[in-house]
Amino acid sequence: MSMKKNPRPPPRASQPRRDSSRRDAPRRESPDSQAPRGERPVREDLVLQACLEAYGFIRHEGRLSDRALDFTLRHKKNLYSNERRAVAERVYALLRRQRTVDFLLEHAHRGFTKLDRTHQDVLRLAASRVLHGESVADVERSSQLAVMGDAGLSGLSHAARTLEGLPPDKRFPIAASLPDFLAVRFRETFGADAERAAEAMNERAPLNARVNGLKGDREWLRARLAQEGVSTTPTPLSPLGLTLDTRINAFSLESFRDGAFELQDEGSQLLGMLVDAPPTKVVDACAGAGGKTLQLAVQMKNRGDLYALDIEEGRMEDLRKRTRRAGVHNVRTQLIPSDGPEVDTALAALQGKADRVLVDAPCSGTGTLRRKPDARYRLTAEMLEEHVVRQKRLLERFSHLVKPGGRLIYGTCSVLREENEAVVEDFLSRHPEFSVRPVAEELGAELGARVSAGPYLRLAPHLHGTDGFFGAILVRAK
């Protein structure tokens, strides 16, 4: 069996994506996003071939998972909706458990490492399905293993016992499917909760919508989605959100096309709530495609001036499209240089003028591994250090835009202390004119107590059901 090569593959990821600039963008990872058809009994041969292509793009060619899946499914017009879902779910499930699966197969299958790449990948996909609860017999029957002269799943149970018998420090990185250096960081961050935190990171994330408050409230949106056949549940932490319980391509809904909602994780919504943007002058310093920009526009009631800054024109164009759909007209997009003295020149007109500045900084994305499971395999300790250097530089640069009495809000989608508390502490050590405002004073005592660690917003999947987020409110003295 050979993996079919598409002539124009999705873009390669040379390093972890700027997660802060993409995580709020509408994610086209829905398996029904291209020409959905009805359902039929799953054609396992077609599903396997599509899985192999998408997985090959991601793990063997370094492509981003969501783009690789979107590209693959766009070219698989013969797949039905249930088959497209199966492809997306199986590829993501394997990516989340890649290291675990490889360990199990290396101990269950004699000669696994010497097999050709396609044969290995077929076994990986099959073993992942067993790991996620399907029976060995059903998986072997549907995975073409017999055709390949291989039934190599029979030893998985013994291999699992071998894994369980390892010393905790050796077992945890493999069971959590994390690189060794990242497993150490998880232990440092979560302590005794590290295993539970990693397990939650390897589960499928919910699909959350944030209501566009310029058009209605959450109950209005819930009623409208119900009319479109979509069942929803109010998010327990964010008063702005709904979890979409019905399996559907949200981008195809009339309510989405009308700008009634945006897809945005509940944790991201809470980070946006920390800004409490007044209808004056506000800056979203790392706006990207603008998920939080649109949230701030609602807080401002579409008044005042909301400056959305980013270094990539493509993301700015995405934001302009989204503002038109959302009915937002107080956003001023501005492309800025990525570095150098030209940045200060570009920002000169905003120096000391903003009531609020949000720095939703590029980061490791360790809080979003549920949605981008392949990111863990690209991240290195050296890249993490580069992220921290960049975060400190961005916080320093954009702090100068805050007027006396204004607020600087720093956030990441990382769970690692070195990207979060340590960055804030470093900044405060050099800027005594800034002080920390506890997030509970912004979110209210009840909600604040549920989502904060000390004065900061601290969210994690195993505790809150959200992606992992950090947020800090820093107030400049008058």
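The values are calculated or read from the model by the stated rules, or taken from the named source; none is laboratory data. In this text, all values refer to a predicted model and were calculated from it rather than measured experimentally. Ideal geometry is used to build each Cβ from the backbone, glycine not excepted, and the neighbour counts take in all protein chains shown.
Out of all the residues in the stretch 323-363, which are charged (D, E, K, R) and either in a loop (DSSP other than H, G, I, E, B) or touching a Ser or Thr at 6+ places or on another chain (Cβ under 8 Å) (or both)?
If we filter the stretch 323-363 for residues that are charged (D, E, K, R), which is where we start, we get 324-325, 332, 339, 342, 344, 353, 355-356, 360.
The answer is ASP339, LYS353, ASP355, ASP360.
So, of the residues in the stretch 425-462 that are touching a residue at least 60 places away in the same chain (Cβ under 8 Å) and part of a helix (DSSP H, G or I), which turns out to be surrounded by the fewest Cβ atoms within 10 Å (Cβ to Cβ)? Explain how you work it out, then say what you get.
Pass one, the stretch 425-462, residues touching a residue at least 60 places away in the same chain (Cβ under 8 Å): 439, 442-443, 447, 450-451, 457, 459-462.
Next cut, part of a helix (DSSP H, G or I) only: 442-443, 447, 450-451, 461-462.
On the way: GLU442: 18, LEU443: 22, LEU447: 18, ARG450: 14, VAL451: 24, PRO461: 25, HIS462: 17.
Restricting to residues being touching a residue at least 60 places away in the same chain (Cβ under 8 Å) and part of a helix (DSSP H, G or I), the top hit is ARG450.
Among the residues of the stretch 88-113 satisfying the criterion of being of a type in the set (Asp, Glu) and over 17 Å from the mean Cα position of the chain (by Cα), which is surrounded by the most Cβ atoms within 10 Å (Cβ to Cβ)? Don't jump to the end; show me each part of the working.
First, the residues of the stretch 88-113 that are of a type in the set (Asp, Glu): 89, 102, 106.
Cutting the leftovers down to over 17 Å from the mean Cα position of the chain (by Cα) gives us 102, 106.
Details: ASP102: 18, GLU106: 13.
Among residues in the stretch 88-113 that are of a type in the set (Asp, Glu) and over 17 Å from the mean Cα position of the chain (by Cα), the one surrounded by the most Cβ atoms within 10 Å (Cβ to Cβ) is ASP102.
If GLY367 passes every condition in (1) at pLDDT 95 or above; (2) surrounded by fewer than 17 Cβ atoms within 10 Å (Cβ to Cβ); (3) in a helix (DSSP H, G or I) but one, which one does it miss?
Going through the list (1) at pLDDT 95 or above; (2) surrounded by fewer than 17 Cβ atoms within 10 Å (Cβ to Cβ); (3) in a helix (DSSP H, G or I), GLY367 breaks only (2).
Within the stretch 297-319, does at least one residue satisfy the condition of being on the phi < 0 side of the Ramachandran plot and touching a Phe, Trp or Tyr at 6+ places or on another chain (Cβ under 6 Å)?
Kept after step one, since they are on the phi < 0 side of the Ramachandran plot, are these residues of the stretch 297-319: 297-300, 303, 305-319.
Restricting the remaining residues to those that are touching a Phe, Trp or Tyr at 6+ places or on another chain (Cβ under 6 Å) gives none.
No: zero hits.
Before we move on, is ARG218 farther than 23 Å from PHE103 by Cα and at pLDDT 95 or above?
Working: farther than 23 Å from PHE103 by Cα: yes; at pLDDT 95 or above: yes.
Against the criterion (farther than 23 Å from PHE103 by Cα and at pLDDT 95 or above), ARG218 qualifies.
Mind listing whichever residues of the stretch 174-222 are of a type in the set (A, V, I, L, M), farther than 25 Å from ALA159 by Cα and touching a residue at least 60 places away in the same chain (Cβ under 8 Å)?
Once the filter is applied, which keeps residues that are of a type in the set (A, V, I, L, M), farther than 25 Å from ALA159 by Cα and touching a residue at least 60 places away in the same chain (Cβ under 8 Å), the stretch 174-222 yields ALA205, LEU214.
A quick yes/no check of all residues on (1) polar (S, T, N, Q); (2) farther than 28 Å from GLU53 by Cβ; (3) modelled with pLDDT under 95:
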site: LEU115; (1), (2), (3): no, no, yes
site: HIS119; (1), (2), (3): no, no, yes
site: HIS158; (1), (2), (3): no, yes, yes
site: ARG161; (1), (2), (3): no, yes, no
site: ARG171; (1), (2), (3): no, yes, no
site: ALA176; (1), (2), (3): no, no, no
site: PHE190; (1), (2), (3): no, yes, no
site: ASP193; (1), (2), (3): no, yes, no
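When you scan the stretch 230-244, do you find a residue that is in a loop (DSSP other than H, G, I, E, B) and under 30 Å from ALA349 (Cβ atoms), even just one? It would help to see each step written out before you state the result.
Going through the stretch 230-244, the residues in a loop (DSSP other than H, G, I, E, B) turn out to be 230-231, 235-240.
From what is left, the residues that are under 30 Å from ALA349 (Cβ atoms) are none.
Scanning the stretch 230-244 turns up no residue that is in a loop (DSSP other than H, G, I, E, B) and under 30 Å from ALA349 (Cβ atoms).
To keep it simple, each residue is scored yes or no on (1) among the β-branched types (Val, Ile, Thr); (2) at pLDDT 95 or above; (3) on the phi < 0 side of the Ramachandran plot.
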{"position": "GLY38", "(1), (2), (3)": "no, no, yes"}
{"position": "ALA50", "(1), (2), (3)": "no, yes, yes"}
{"position": "HIS75", "(1), (2), (3)": "no, no, yes"}
{"position": "THR100", "(1), (2), (3)": "yes, yes, yes"}
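Going by what's in this entry, would LEU270 be described as at pLDDT 95 or above, more than 21 Å from ASN302 (Cβ to Cβ) and in the same structural domain as GLU419 (by TED's automatic domain parsing)?
Values: at pLDDT 95 or above: yes; more than 21 Å from ASN302 (Cβ to Cβ): yes; in the same structural domain as GLU419 (by TED's automatic domain parsing): yes.
When the stated conditions are applied, LEU270 passes them.
For GLY229, state whether it is modelled with pLDDT of 95 or more and within 19 Å of GLU266 (Cα to Cα). Walk me through it before giving the result.
Working: modelled with pLDDT of 95 or more: yes; within 19 Å of GLU266 (Cα to Cα): no.
No.
Which ones in the stretch 154-185 are more than 25 Å from ALA88 (Cα to Cα), in contact with a Ser or Thr (Cβ under 8 Å, 6 or more places away or on another chain) and of a type outside the set (D, E, K, R)?
LEU163, PHE181, LEU182
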